[in-house]
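Some notes on the structure that comes next.
The values are calculated or read from the model by the stated rules, or taken from the named source; none is laboratory data. Treat the numbers as computed from the prediction; the structure is a model and nothing was measured. Here the Cβ positions follow ideal geometry from the backbone for every residue, glycine too, while neighbour counts run over all protein chains shown.
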Amino acid sequence: MIEIAPSILSADFAYLGEAIHSVESECSWIHVDVMDGHFVPNLTIGAPVVASVRRHTKNYLDCHLMITDPWDYLGDFAKAGADSVSFHFEVGRTFELIKMAHDLGMKAGLAVNPDARFEDYSQYIPHLDLLLVMSVFPGFAGQSFIPAVLDSLRRAKELVAASGANIILEIDGGISLETIGASRLSGADVFVAGSAVFGKPDPAQAIRDLKQAATRASERLK
C-alpha cells in the first residue's frame, strides 16, 4: 500500500472544495488536521468543516485530532462523516478512545510525537487500525522532517509484522520528494503531505511525483 494523504491544512480555506477536487483523482485519502489551541498552540477546524468536506468528496477522511478532550467530540466527527480519527496517547483514556471510535463505526488511530518513547505507546498498537507517526511536532504546517522518528517507525513495523495485525502505518510532517523514500523504507504506508502538495502549482502532479518516489523506494525492498 502506498497512499498520499494531502493535508487540507495547507490548502486555501477560501477554496477548500476546489482544492480537494484538484487532488481527489490522484488519491483516495484526505487528511484533516483538527487543533484546539490548547493541546497544540494553533486553532484550525472542527467537525462542521469535516461535514462540509464530506458533502464534496467520497475520499477517505483521515482526521487527526490534536485536542485535549477527544472523547467529547468523537460522536460529532462520526456524524460528520470521518472515516478514521487519530488521537494522542498523552491525553489519556487511550483504550477507551479506541473502543469509542470503533463503536461509532470509525477506524481508530494513535498519533505519536517525535519525542515519544516507543515503550510508552507500543502496548496500544495491536488494538489500532492505524498508527500515525509524527515527523514534526504538531501544530503548524511547513516544518522540517525529523529523521530520528524513522527508528520508531521501523520498530512499529516489526511489531505489526510479528503480530499479524492489519495496521496502517502513517507518517506526517515534512514529507517531500527528499524524505518520502526513507519513510517508505522505514515502513510507512500512508504519507501525509501538505505543503508538498498544495504548495505546488499543480497539486495533482505533486501527488503523482510523491507516489513515484515512494514506489522507487519500495522496489529497493524487494
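Numbers below:
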{"read-out": "Filtered residue count, the range 168-212, keeping only those that are within 13 Å of residue 134 (Cβ to Cβ), acidic (Asp, Glu) and in a helix (DSSP H, G or I)", "value": "0"}
{"read-out": "Hits in the range 11-28 (condition: outside any loop (DSSP other than H, G, I, E, B) and farther than 16 Å from residue 205 by Cα)", "value": "13, 14, 15, 16, 17"}
{"read-out": "Residue that is farthest from the chain's Cα centre (by Cα) [pool: residues in the range 34-76 that are within 16 Å of residue 91 (Cβ to Cβ) and in a strand (DSSP E or B)]", "value": "36"}
{"read-out": "Subset of the range 188-222 that is modelled with pLDDT under 95 and among the charged types (D, E, K, R) - its residue that is surrounded by the fewest Cβ atoms within 10 Å (Cβ to Cβ)", "value": "222"}
{"read-out": "Residue ID - surrounded by the most Cβ atoms within 10 Å (Cβ to Cβ), chosen from residues in the range 37-69 that are free of Cβ contacts under 8 Å to residues at least 40 places away in the same chain, touching a Leu at 6+ places or on another chain (Cβ under 7 Å) and of a type outside the set (S, T, N, Q)", "value": "50"}
{"read-out": "Residue satisfying condition, being closer than 26 Å to residue 197 by Cβ and either out of contact with any His (no Cβ under 7 Å at 6 or more places or on another chain) or hydroxyl-bearing (Ser, Thr, Tyr) (or both), within set 109, 105, 92", "value": "109"}
{"read-out": "Qualifying residue in the range 104-119 (condition: modelled with pLDDT of 95 or more, under 21 Å from residue 31 (Cβ atoms), part of a helix (DSSP H, G or I) and not acidic (Asp, Glu))", "value": "no"}
{"read-out": "Any hit, the range 134-146, residues being in a helix (DSSP H, G or I) and either surrounded by fewer than 22 Cβ atoms within 10 Å (Cβ to Cβ) or basic (Lys, Arg) (or both)", "value": "no"}
{"read-out": "Identity of the residue in the range 70-99, aliphatic (A, V, I, L, M) and closer than 28 Å to residue 149 by Cα, that ends up surrounded by the fewest Cβ atoms within 10 Å (Cβ to Cβ)", "value": "91"}
{"read-out": "Pairs, first in contact (Cβ under 8 Å) with a residue 24 or more places away in the chain in the range 1-25, second of a type in the set (S, T, N, Q), C-beta under 7 Å, six or more apart", "value": "2/215; 2/218; 3/28; 9/44; 10/195; 20/57; 24/57; 24/59"}
{"read-out": "Some residue of the range 79-93 being part of a loop (DSSP other than H, G, I, E, B), touching a residue at least 40 places away in the same chain (Cβ under 8 Å) and in contact with a strand residue (DSSP E or B) (Cβ under 7 Å, 6 or more places away or on another chain)", "value": "yes"}
{"read-out": "Residue, surrounded by the most Cβ atoms within 10 Å (Cβ to Cβ), within the range 152-187, restricted to residues that are among the charged types (D, E, K, R) and closer than 17 Å to residue 124 by Cβ", "value": "170"}
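This table checks each residue for (1) touching a helix residue (DSSP H, G or I) at 6+ places or on another chain (Cβ under 9 Å); (2) modelled with pLDDT of 95 or more; (3) within 14 Å of residue 138 (Cβ to Cβ); (4) among the small types (Gly, Ala, Ser).
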| site | (1), (2), (3), (4) |
| --- | --- |
| 37 | no, no, yes, yes |
| 44 | yes, no, yes, no |
| 50 | yes, yes, no, no |
| 60 | no, yes, no, no |
| 68 | yes, yes, yes, no |
| 84 | yes, yes, no, yes |
| 87 | yes, yes, yes, no |
| 97 | yes, yes, no, no |
